[in-house]
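Take a look at this one; I'll ask things after.
The values are calculated or read from the model by the stated rules, or taken from the named source; none is laboratory data. Bear in mind that the values here come from a model prediction, so they are computed numbers and not experimental data. Every residue, glycine as well, gets a Cβ built from its backbone with ideal geometry; the counts of neighbours run over all protein chains shown. SASA here: full protein model, heavy atoms, side chains in, ligands and nucleic acids out. Shrake-Rupley method; radii C 1.70, N 1.55, O 1.52, S 1.80 Å.
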Amino acid sequence: MTQLPPEDYSDDELLAMLNPVQLAELDRQIGEMFGAEGVDRVEALFAMANVYSLRAAARDEVSALAMLQLAAAMRRRADAMLASRN
């Protein structure tokens, strides 16, 4: 069986690789990292997720996977923030 390159995984697949504790910690760190800068907003999270996704292509597989998981978590957080507005 051939393993997919990190960029071929969906956000759901990337996040499913993390256990619930890791996912909660990642979400907490995103909130702290961007909240301190005042950019814990939907638009900023989506923009930063795109930057991390693009930068992942220039990294080794392990680093790329971590960056893509971070980007997926940012998009998930932004989606949750959007949903809470409605």
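From the set of residues in the stretch 10-27 that are aliphatic (A, V, I, L, M) and surrounded by 11 or more Cβ atoms within 10 Å (Cβ to Cβ), which is farthest from residue 68 (Cα to Cα)?
24
Here's something else I'd like to know. Could you list, ordered by first residue, the pairs with Cβ atoms under 6 Å in which the first is in the stretch 39-51 and open to solvent by 60 Å² or more (accessible area, probe 1.4 Å) and the second is part of a helix (DSSP H, G or I) and at pLDDT 90 or above, at least 6 apart or interchain?
46/78; 48/74
Go through the stretch 52-84 and report how many residues are touching a residue at least 24 places away in the same chain (Cβ under 8 Å) and more than 9 Å from the chain's Cα centre (by Cα).
8
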